[in-house]
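The values are calculated or read from the model by the stated rules, or taken from the named source; none is laboratory data. On a predicted model such as this, the values are computed, not experimentally measured, just so you know. All accessible areas refer to the heavy atoms of the entire protein, side chains included, with ligands and DNA or RNA removed. Shrake-Rupley method; radii C 1.70, N 1.55, O 1.52, S 1.80 Å.
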Amino acid sequence: MRTVVDLTRCQGYAQCVFLAPAVFELHGEEGLLYATAVPDDQEERVRQAAAACPVQAILLGEEVKSGAR
Ligand code: SF4
């Protein structure tokens, strides 16, 4: 599964980092780093992170259209 975070929406609430630390990492105040290719064993965590993000900045697999990396 792939994931993309809309960094223009992300407010650095770090819910995703808390729920899926292997995929999301917060650097400094606004720098969210993440793995676009989600390992199979992290998919459920990433789904929870997407659901928990207060601003719905996390897009998952199906929603990530071609061209997104
Ligand atoms: S939970 Fe959402 S707003 Fe918070 S750091 Fe993650 S992507 Fe950004």
Review point. HN-Hα J couplings of region 38-54 from phi, Karplus 6.51/-1.76/1.60, θ = phi - 60°, integer Hz, Gly and Pro as x?
Key: 8, x, 3, 6, 10, 4, 5, 5, 5, 4, 5, 5, 4, 5, 8, 4, x
Exercise for review: With just the Cα atoms of the chain, tell me how far they stretch along each of the three principal axes, in Å, largest first.
Suggested key: 29, 24, 18
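Solvent-accessible area per residue for region 5-60 at a 1.4 Å probe radius, Å²?
62 Å²
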Practice item. Enumerate the amide H contacts of Arg2 below 5 Å, restricted to partners 5 or more residues apart or on another chain; note that Pro and chain-start residues carry no placed amide H. Key: Val38, Gly61
Exercise for review: Give me the percent of the accessible area of region 17-62 that comes from carbon and sulfur atoms, probe 1.4 Å, all protein chains in place.
Suggested key: 53 percent
